[in-house]
Each structure stands twice: as C-alpha cells, then as structure tokens.
C-alpha cells in the first residue's frame, strides 16, 4: 500500500465469532489471543490462537506469557504465517485501549479489542495501532 492509502484490516466473520464465543466463555475475565496473517495478505486475519491470560488481575487486564508467545510465533512462522497483532477483550468495557494497554503495547502490531457487555450481550470490535506512544484507530471490516 502506498503511504496515502487507507489501511483496512479484514477480519473473517468465522474468526470474529471465535473471538466472541471464547471471550464469552472466559467471562468475567479478559481473553487474549495472537493474531496471524500470511505475509502477502498482511491485512487479512488468517488465524487466531488463544493464549492463557496470566495476569494477576484478569478481570481488568491481560498478560501473555512471553515464552508461550515466542513458541507459538515460531510454530506459525514455520507454517508461513506472521504475527500481525494481539487480540483481547474488555468485559463491560469499551473497545478502546486502556492506560495499561498503552503501557505494554509495542509498535508494528495491530491491537484488536472486543467490547463484550456481560449484561446486554452486545459486542463491538475495533482495531488500533501504536505510534509515538499514541493509538490510532485502524479501519476493521468483518466479512
């Protein structure tokens, strides 16, 4: 894509359903997953792999074991995939990055955040990228 072109992340509907269903199963805790794509289709989510949330406060934040992350990334790279981002849910929160999210985020990855309201059963997913210690929302299309 050229510099002036707008990025659109494509999230296949069946993967969106996986994210919602797993996040509902993990309530009241936040869920988290690694998001992969093929290098040639780096804006299309090909696969998500759920990982354990090892945070000591899993209801309000997530933390991924770095050894688990590296192990999964290595296996997926051998299959020709690349890590494009991190997914996590915000039970009863908004689909926007929290201060904690900003603290632990790194550039060059996309962050998919699912708002999952336990009471009304509503969902929304948004995508963010980090640059210069600030998040920018990236268009996300569920197809």
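All of the numbers you see were taken from the coordinates with simple rules; none came from a lab. As the structure is a prediction and not an experimental result, all values here were calculated from the model. FYI the Cβ positions are ideal-geometry reconstructions off the backbone, even for glycines, and counts take in every protein chain you see.
Looking at segment 49-59, which of its residues are crowded, with 16+ Cβ neighbours inside 10 Å and either part of a loop (DSSP other than H, G, I, E, B) or out of contact with any helix residue (DSSP H, G or I) (no Cβ under 6 Å at 6 or more places or on another chain) (or both)? Can you show your working first?
First, pick out the residues of segment 49-59 that are crowded, with 16+ Cβ neighbours inside 10 Å: 49-51, 53, 55, 58.
If the condition is that a residue be crowded, with 16+ Cβ neighbours inside 10 Å and either part of a loop (DSSP other than H, G, I, E, B) or out of contact with any helix residue (DSSP H, G or I) (no Cβ under 6 Å at 6 or more places or on another chain) (or both), then 53, 55, 58 are the ones that fit.
For residues in segment 102-115 being crowded, with 18+ Cβ neighbours inside 10 Å and under 11 Å from the mean Cα position of the chain (by Cα), which is farthest from residue 21 (Cα to Cα)? Break it down stepwise before answering.
From segment 102-115, those crowded, with 18+ Cβ neighbours inside 10 Å are 110-115; that's our starting set.
With the extra rule that they be under 11 Å from the mean Cα position of the chain (by Cα), the set shrinks to 110-114.
Values: 110: 21, 111: 18, 112: 15, 113: 14, 114: 11 Å.
In this case the residue turns out to be 110.
Those residues that are in contact (Cβ under 8 Å) with a residue 24 or more places away in the chain and out of contact with any helix residue (DSSP H, G or I) (no Cβ under 7 Å at 6 or more places or on another chain), I need them from segment 112-128; list them, please. Show your work before the answer.
So in segment 112-128, the residues in contact (Cβ under 8 Å) with a residue 24 or more places away in the chain come out as 112-119, 123-128.
Result: 112, 113, 115, 117, 118, 119, 124, 126, 127, 128.
Being surrounded by 14 or more Cβ atoms within 10 Å (Cβ to Cβ), more than 11 Å from the chain's Cα centre (by Cα) and farther than 24 Å from residue 44 by Cβ is the requirement here; does residue 123 meet it?
no
Condition first: closer than 21 Å to residue 125 by Cβ, surrounded by fewer than 19 Cβ atoms within 10 Å (Cβ to Cβ) and out of contact with any strand residue (DSSP E or B) (no Cβ under 7 Å at 6 or more places or on another chain). Now tell me which residues in segment 60-95 satisfy that.
60, 92
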